[in-house]
1. Starting from the Cα of B:Ser60, step 7 Å along the direction of its Cβ; do the same at B:Arg568; then give the gap between the two resulting points in nm.
2. Using each residue's phi in region B:714-724, evaluate 6.51 cos²θ - 1.76 cosθ + 1.60 at θ = phi - 60° and report the 3J(HN,Hα) Karplus result to the nearest Hz, with x for Gly and Pro.
3. Please identify every one of the chymotrypsin sites (Phe, Trp or Tyr not before Pro) in region A:31-94 that sits in a loop by DSSP and has no more than 15 other beta carbons within 10 Å of its own beta carbon.
4. How many times 2.2 N^0.38 Å is the alpha carbon radius of gyration of chain B?
5. What whole-number value in cubic angstrom gives the convex hull volume per residue for the C-alpha atoms of region B:2-97?
6. For a label point 7 angstrom out from the Cα of B:Ser730 toward its Cβ, which stretches of region B:257-297 have the backbone nitrogen within less than 17 Å?
7. At 0.36 nm per residue, and after removing the present C-alpha to C-alpha distance, how many nm does the segment from A:Phe379 to A:Gln209 gain when stretched out fully?
8. Taking DSSP loops as anything outside H, G, I, E and B, show the longest stretch in chain C free of trypsin sites (Lys or Arg not before Pro) there with at most 11 other beta carbons within 10 Å.
Amino acid sequence: MEAPQQITSRKDPRFKVSMYEHVGVKNSWTLSYYLGHGGYQAAQKALTMQPSEIINEVKASGLRGRGGAGFPTGVKWSFMPPVDGRQRFLVCNADESEPGSFKDRYILEDDPHQLIEGLLIGGYAIGASKGVIYIRGEYYQGYQRLKQAVAEARQAGYLGSNIFESGFDFDVILHRGAGAYICGEETALMNSFEGLRANPRLKPPFPAQAGVYGLPTTINNVTSLASVVHIINNGADWFSSMGTDDSKGNKLYQISGSVERPGVYEMPMGASFRELIYDLAGGPTMAIKAIIPGGSSTPMLPFDDEHLDTPMDYGSIATKGSMLGTGGVILIPTEKCIVNATWNLVRFYAHESCGKCTPCREGIAGWMVKIYQKLVKGFGQEGDIELIEDMADKIRGKAFCPLADACLGPVQSSIEHFRGEYEYLIKNGKPMYSKSDWWSE
Amino acid sequence: MKVKVNDAELELKAGTSAIDAIFAAGYDVPYFCSQEYMSPIGACRMCLAKIGAPRKDRDSGEWIIDEQTGEPKIFFFPNLMASCTTAIMEGMVIDTLSKEVKDAQNGMIEFTLVNHPLDCPTCDKGGACELQDRAYEYGAGQSRFVFDKRHQEKHHALSELITLDRERCIHCKRCVRYFEEIPGDEVLDFIERGVHSYIGTLEDGLPSNFTGNITDFCPVGALLDSTSRFRGRNWEYDHTRSSCLDCAVGCAITIDARTGRIERIKAARNTQVNNDWICDGGRFGHEYVDADERLKTPLIRRDGKLTPSTWEEAAAFINDKLADLGAKETGIILRADATLEEGVAAKALAAQLETGQLDHFPRLAASVIPQGVRATLNDVATSDAILVLGDVSEEAPIVDLRIKEALKGVTPPELMPHGVPLADLRLKERMPRQREILTVASPYRCDLMKHAGSTLTYPAGTEVELLASLLQAANGEGEISEEAAMRLGSSPEQLNDLLKRLSGAKNPVIIYGAFVLAASEASNAVQALAKAVGAKLLAIGPMANSYGLEALAVLPSHARYSVQEMLRGSAKALIVSGLDVAKDAEAAKALKELELLVVHDSFANATTELAHVVLPAKTAYEKEGTVVNLEGRYLPLKPAPVENGQSEDFCGLVKFLGETMGTRLEGRSVRSARRLLKKRLQLDLSELSEEGYLSPAKAKAASKFKLKESYELEGNLLLTPSMIRHEQLSRNAHLHAVYGDAALRLNPADAVAQDLNDGDVVAFELQGIERQAVIKRSEAVPVGLMLLPALPEQPAALLWLEPTKLIKAAVAEVLA
Amino acid sequence: MIELETIRPFFEDKKELLAEILNRYPDYGRRSAVMPLLWEVQRSERHVSEARVEEIAGILGLHATEVKGVMSFYSTYHEQPLGKYHLQVCSTLSCSLAGSDQMYDWLVEELGIVNGETDRDGLFSLQKVECLGSCGTAPVLQVNDVYYERMTRSRCKEVLAALRRDELPEPWLERGGDNVSAEKAQIESES
Ligand SMILES: Cc1cc2nc3c(=O)[nH]c(=O)nc-3n(C[C@H](O)[C@H](O)[C@H](O)COP(=O)(O)O)c2cc1C
Ligand code: SF4
Ligand code: FES
């Protein structure tokens, strides 16, 4: 039998917004609204299934983690050791801090029950009776809405003991971060949750063997868990009918920068940048020179037809030398000095370096950021670009966690594609493009 | 497992780290964050290597073969790997020589130096600095960093004893990990984040008794021993490896001396005893040695005044007196940290003088050599059930650390060709501790209790009762009753649990010190209990060579010749080495009656005041010799080049005396003493290894224990052993600044009742000895009990002191 | 005797809150409460003083150093008191592309304080922060816990004027993306 035609475009009439359907609607965060729109049916269904069935369903759906790394969620769930009576945890990573990413925030604020339901299903699947939502400290409204949602869910029996008479107990701990991007890294998140400084931990042991408090743990992104609700509701086939071979399902893409209608758009995976930028977001507001495809750490690509027509899935973007990441697209206008834009991001990573390892602490936070500052101030010297390149070589792949490499994404790609601007700035002491006021009335 | 490091193939145990494989193969790789005995964390990224391994085909289970070579194909990791946190795999290939690795090392050195001040010319660590060495070996020789370096505090006093230069710190985290992993006091941490982070503490002066160790292993000059800062460069010091004599453990130390002074003491490694650690008492307790008032020449009392003289004259003077006297009346008292060789000399002298009045002091009621199966310190560290009776953290501080090692549940590492593994992958940051294996029982709340699964504060003096109850239950001779347990501050459940734990364990150990040794019944009981539950025993003697001197029988020929008796008139002449026996007013009276009082000591004191002859003595740091530590391990002492005038050890004293007597006494020199000991022990002490020699345990059967009805130890003041040697504190300015004067600790309720406030100075008389102490209120002390540090002349004991006899100093001065 | 002025423990009269926070976590995870406890203090006192650090350490059985180590790791616990209105300008790329640098400059001009400072009256403090997850509705100004998004020059003026009157304006709803229509519907229904 011929495989069904994949949905890879939002223009396909079979595609329907699911995860993002209720965001922005008044009172969408309340339990009554959620129940009125089919809420907790997936959980009810899931709790009649065997945990292994759920895991298989999620595996079959082809869902890959939406937190950035894209690891198959079902496979990750199956790494949990056999149940042995120890407490197990399912942690939701709601620390979303990668510049250009803001999809999780709207789920947290406007559709918290969707997340709680996903967490409940995931918890049941991996045998964890405790869920943790680690939400970044700045998301205060999200925290309030979640808090209320958890209270409502407890009251209504969607959290607590013997949920849906299934004998399964599940409850959720809400934990707020306090402003540190590194807490998004899963092992740093566990340290932070445990009340320690949020340095990443050694792996192995992986969270499934020794996670929070040394107990078996699985960590998933907010939208990974939200996707699970719809996979259970609509079936793995529905999910895998969307997307491409290596990237199934629908995903929340984000777009920001100089574009008419920035925001979050739900699309089948594999839709092109062009569709996102022009068809959905209304096109750029000014001339664009670069696309950051998936959050600030993903190498930027030139804004041209080749890249605009690249499908936004894991494999295709990788062939262009970048990554899908969180799917947070940033459009950099031609008028923006690329060195300045890169400096902005280098500064971000320097600020967020945890300080544990040498190449990141000294290489990026101690040195790289200073070179960039020197460049943007117009004091660049001949040899600086080569120095940056050499440093990048000496940092890449050598740091303890991926944060240092994340910083090199914009650094190396901007030099690769816009070396001329660097050279111009160094030679002339002022940038090639010098638009200075970006603020609208 | 077979691994290949560059061109060397070797076979190593699974679980070995790649960095240890590299060193085992004889290659080098730079590292900063790795540190022996601590968890590998892979933070400095200095030890990167190119690592690969063969893979098995998933379906067939066969090695995937490289077509070209016909050998298993090596799959290299996509990135260089930190070798300290990578475990070896079968067939692993590790490359440390390729250009890729060199470039990475080069880069990492450059990064490490970005914010390092490079103030080597003014840095104490210069010449002994890991960063300096590594930068020289692996760096590019110049930096391309043109910006201002990070400016931070350069002279931050973490405590009176330790100075931190925050600019020099390279964030290896050794010190932070050390506090969590070794003593378990998390008093130091990183503050701030990223490139702004620095080491700091909010605790007042790093409250831990093991702070100095961080200055030993700090790879740069960021953490320095304040007492020796700016005193010399590493290459200017004479390094002498010796043993510490401050307690019965006998830790390995390195004495760094320069121009005749001891500038600092560092921990040396003894994998059997102290690993790499020493306590602050041992590290900083040497300052007195160089005090100006040190006795350096023999003195003879002429016309009531002590006048300088020579050893020959002094010996002749003594000899004359002894001849008049009839030597049998002479008593000889050694301090219990005298060496074995000195013990031999003292015995030879006693034999020559035909006297049975020979003893060492302090010596408690019970033998320090346990009857039963002796535990080693490594037994402690691998034990799965430990009962501690008393306050070991003060009494023998390193035992405290070895107990904490056991709580991690990881056995001491096996040695590699290059020594202790650099990265023991079984160790983890913030490991869970098996507190439940540890029970601590003491008459007051002591530090170690914080780490114990079960704790018990029994009324002072009830050791025998406690042990007897346990023994009874262990022998099935009767349940522990509710009241009995209550009286002991415990419950039947707790005591039964303890018994179950001990008897169910594979390697149970019972550790006890002065409070048990103070009564032979208690000591018998503990030995019987150990036998009943199959536990090994570790007894902490009062001083560094208590074990050795007892084994050598530096003991009176009869009970009526004990030190106490000698000081009450049994002797007519007395030779006292290292003890200020005249502190005791009663003894002083008797001493005044003596025909001859010879005092062998390093400083003038109340006893030298009364002496006819004063002979300058070497301190522990200047002696050659041997001591036997609490496990029965023979440990070597080596003399550091200290300017000590004509000071001699007891062997020297015996040499001069013997010469005037016209005889060559055994023990007239360390060599001669060792010749004798070689015959007796079948052991050449001049060839002791650095680890020392563990004497074979002669497991003697425990003597029968029967609880006497009338047995009672009573008192309201407990003299407690302490890490700090209070008798020298007045000459140890730095330690004194941290630990202050000896404190009389009592419960706040009692303090209120007596109208005593923290910091009040009180004077009182305790069994004839005038003592002064500072009041310290402490919840750790039960109501009705007072604690006071013991002295060599006044060892641990339970005494009565009428609280109303505590006179506040101001008042005391007025009265005086 | 000199009686030292003693600071009243923060949680002394908040026993229920304290119990609720401690109860969130399992017994073996008591230490997890360190961040929520710091949050309570920070929110209520606008900073976390050393005395509070010690108090929290005492509650959790930790050394004060450990609490300080944790506290100082994060950007939102402050050692020095913040103003009543803590203005946080996101300065990361997407906001920068929407004018946050100019917004910051404008605030500096208006308030007479720069990054990290608090004004003399203790009313405002200003801080540049990193990405707040509002890239689609940039630029964003966070005042205490509230996000004010799509901060045009005129909106910024309005917000500041309101704050000067000591009023914290109701935040407006900004979503964008797929919710342009929903958002419009709502705004229409409200007006
Ligand atoms: C520096 C760093 C920051 C990260 N930040 C986030 C984040 O904010 N949110 C997130 O979900 N994942 C983040 N991740 C990825 C997580 O480590 C982890 O892979 C993810 O939460 C797993 O969830 P998923 O499998 O559902 O994607 C980050 C990773 C790194 C290295
Ligand atoms: S790369 Fe190193 S310093 Fe940077 S965040 Fe990761 S562990 Fe911390
Ligand atoms: S990373 Fe520091 S020694 Fe390996």
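1. Going by the 7 Å Cα→Cβ label model, 9.0 nm.
2. Values per residue, Gly and Pro as x: 9, x, 10, 10, 10, 7, 10, x, 9, 5, 7 Hz.
3. Numbers: sites: A:Tyr33, A:Tyr34, A:Tyr40, A:Trp77, A:Phe79, A:Phe89; in loops: A:Tyr40, A:Phe79.
Hits after loop and neighbour filter: A:Phe79.
4. Values: Rg = 28.9 Å, N = 816, 2.2 N^0.38 = 28.1 Å.
So chain B has a normalised radius of gyration of 1.03.
5. Numbers: hull volume 10.9 nm³, N = 96.
Spread over its residues, the Cα hull of region B:2-97 gives 114 Å³ apiece.
6. Hits in region B:257-297 for B:Ser730 at 17 Å: B:287-295.
7. 56.1 nm
8. Details: sites that count: C:Arg120, C:Arg165.
In short, C:1-119.
Bear in mind these aren't lab numbers, they're just calculated from the coordinates by the rules spelled out. Note that this is a predicted model, so its numbers are computed, not measured. Don't worry about glycine lacking a Cβ; one is built from the backbone with ideal geometry, like all the others, and counts go over all protein chains shown.
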